[in-house]
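J.: Take a look at the following structure, please.
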Amino acid sequence: MKKVTYEQLVSGKKFSNYTEEAGYIFSLIDSGRIKPVLSSSKNGKKPALYTKYWLIEEKKDYSKLINELRNAISPMINIDFYLNHPDIYEKEREYVIDLSDYVENHKEALNYQMSENERSFAIWNKEKFLSGKSYDGVSSGDVLKHCGIDKDSLSVFRTAEPLAYYSFSKDVPQNILILENLDPFYSVRKKMLGGNNDICGVSVGTLIYGGGKRVVKSFEDFEISSEPYMTDERNHLLYAGDLDYEGIGIYESLMMRMNKILNNDCAICLELYNRMIDKVEDISKLPHMKEQKITDITSFTEAFTVERKNKIIEILNCGRYIPQEIISAADY
């Protein structure tokens with residue numbers, strides 16, 4: 001039931017006088033379409049009418065949809081949920097019918113794996129539906145759940161944006177170095193292409209370009225977008241980026257992500273950060289930080305010497321930062 005006002009009930013209707021208007025309200029009450037809200041006030045006219053009413057919504061006839069569920073939907077789909085919730089079936093009907101047709105008439109196609117988007121288009125002509133895009137308030141997650149079908153049974157694999165990386169060696173264990181910015185990535189890669197993978201005293205087997213904040217999202221799909229040797233738990237993941245609040249935040253987010261996904265720590269590349277800090281001669285000549293959220297950097301600075309730790313704090317307190325590009329190709 002929905003609560004409506006007297007004014008809403010008579011709005012848009014043309015009555016010659018109040019008697020006709022009241023008669024219309026009484027007819028709605030007599031037919032059971034509305035009920036007075038007895039706690040509401042009356043309008044003070046004759047005959048007196050309540051100012052608020054409960055609108056009694058008619059029960060919809062779902063018999064045709066229930067018959068369709070029982071007789072036209074593939075037995076591979078569990079119809080129990082929809083039989084108990086025909087209103088939801090009405091909303092999701094076209095997606096259920098398409099899915100029913102596919103699992104019933106294209107079974108052989110399920111013998112071959114497809115990407116989520118390819119399978120989604122094959123079933124619904126909507127390539128983003130399976131990967132999370134909703135249409136008219138309908139999501140594939142709901143449809144599959146209501147149909148009792150697991151996404152894996154549709155024989156799909158997930159795709160991810162490929163990582164930009166250079167592999168010097170595929171031996172395990174190895175040091176995998178993630179660099180936040182593009183120029184340092186190219187500078188280090190150039191050195192490694194020349195046959196030297198000693199980066200500031202660290203032997204690097206694989207170099208990955210992080211791309212700022214995108215690296216955290218990329219590493220959600222690390223097992224998909226990387227080669228098998230890279231996900232070995234014996235490897236050591238090292239990170240280096242700008243020395244500012246944002247760069248430190250990226251590292252800390254990445255560390256939590258890697259612990260969760262690969263049960264593998266991601267540590268700072270201390271040697272690289274030390275070189276960055278030691279190259280600063282005049283703090284006043286460092287660039288100003290863009291507006292950034294000030295965060296607690298205590299855990300990040302634990303690995304540094306007291307002198308370098310104090311220098312980091314002084315630089316950030318001055319509203320400045322050390323860009324990763326302070327180390328050039330010549331330095332590497």
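The values are calculated or read from the model by the stated rules, or taken from the named source; none is laboratory data. Being a predicted model, the structure only gives us computed values, none of them experimental. As a convention, Cβ positions derive from the backbone with ideal geometry for all residues, glycine included, and neighbour counts pool all protein chains shown. For accessibility, only protein heavy atoms count, side chains too; no ligands or nucleic acids. Shrake-Rupley method; radii C 1.70, N 1.55, O 1.52, S 1.80 Å.
J.: Would you check which residues across segment 148-188 are in a helix (DSSP H, G or I), more than 19 Å from residue 128 (Cβ to Cβ) and not charged (D, E, K, R) and list them?
T.: Within segment 148-188, 153, 182, 184, 185, 186, 187, 188 meet the criteria.
J.: In the set 191, 91, which member is over 19 Å from the mean Cα position of the chain (by Cα), over 24 Å from residue 223 (Cα atoms), touching a residue at least 60 places away in the same chain (Cβ under 8 Å) and not in a loop (DSSP other than H, G, I, E, B)?
T.: On inspection, the qualifying residue turns out to be 191.
J.: Now a separate question. Pairs please, first residue from segment 111-128 and within 16 Å of residue 161 (Cα to Cα), second anywhere and among the charged types (D, E, K, R) and exposed (fewer than 15 other Cβ atoms within 10 Å of the Cβ), Cβ atoms under 7 Å, 6+ apart in sequence or on different chains.
T.: 116/158
J.: With the requirement that a residue be in contact (Cβ under 8 Å) with a residue 40 or more places away in the chain and within 22 Å of residue 229 (Cα to Cα), what does segment 172-188 give you?
T.: 172, 173, 174, 175, 176, 177, 178, 179, 180, 188
J.: Of all residues in segment 65-99, count the ones that are over 20 Å from residue 119 (Cα atoms), touching a strand residue (DSSP E or B) at 6+ places or on another chain (Cβ under 8 Å) and either hydroxyl-bearing (Ser, Thr, Tyr) or open to solvent by less than 80 Å² (accessible area, probe 1.4 Å) (or both).
T.: 0
J.: Restricting to segment 100-128, and then to whatever is of a type in the set (A, V, I, L, M, F, W, C) and in a helix (DSSP H, G or I), can you tell me which residue is most open to solvent (accessible area, probe 1.4 Å)?
T.: Per the stated criteria, the residue is 121.
J.: Name the helices (runs of 4 or more DSSP H) wholly inside segment 196-310 in which the number of residues that are within 16 Å of residue 176 (Cβ to Cβ), open to solvent by less than 70 Å² (accessible area, probe 1.4 Å) and in contact with a strand residue (DSSP E or B) (Cβ under 8 Å, 6 or more places away or on another chain) is 3 or more.
T.: Because the criterion is at least 3 residues that are within 16 Å of residue 176 (Cβ to Cβ), open to solvent by less than 70 Å² (accessible area, probe 1.4 Å) and in contact with a strand residue (DSSP E or B) (Cβ under 8 Å, 6 or more places away or on another chain), the helices (runs of 4 or more DSSP H) in segment 196-310 that meet it are 245-262.
J.: Using the structure shown, decide if residue 158 is open to solvent by less than 20 Å² (accessible area, probe 1.4 Å), closer than 17 Å to residue 224 by Cβ and not aliphatic (A, V, I, L, M).
T.: no
J.: Any chance you could count how many residues in segment 121-144 are more than 15 Å from residue 92 (Cβ to Cβ) and over 14 Å from the mean Cα position of the chain (by Cα)?
T.: 4
J.: Looking for something farther than 30 Å from residue 234 by Cα, surrounded by fewer than 16 Cβ atoms within 10 Å (Cβ to Cβ) and at pLDDT below 90 - is there at least one such residue anywhere in segment 315-330?
T.: Looking for residues that are farther than 30 Å from residue 234 by Cα, surrounded by fewer than 16 Cβ atoms within 10 Å (Cβ to Cβ) and at pLDDT below 90, one finds at least one in segment 315-330, hence yes.
J.: Any idea which residue in segment 14-34 is least open to solvent (accessible area, probe 1.4 Å), counting only those that are of a type in the set (Phe, Trp, Tyr) and within 25 Å of residue 58 (Cα to Cα)?
T.: In this case the residue turns out to be 24.
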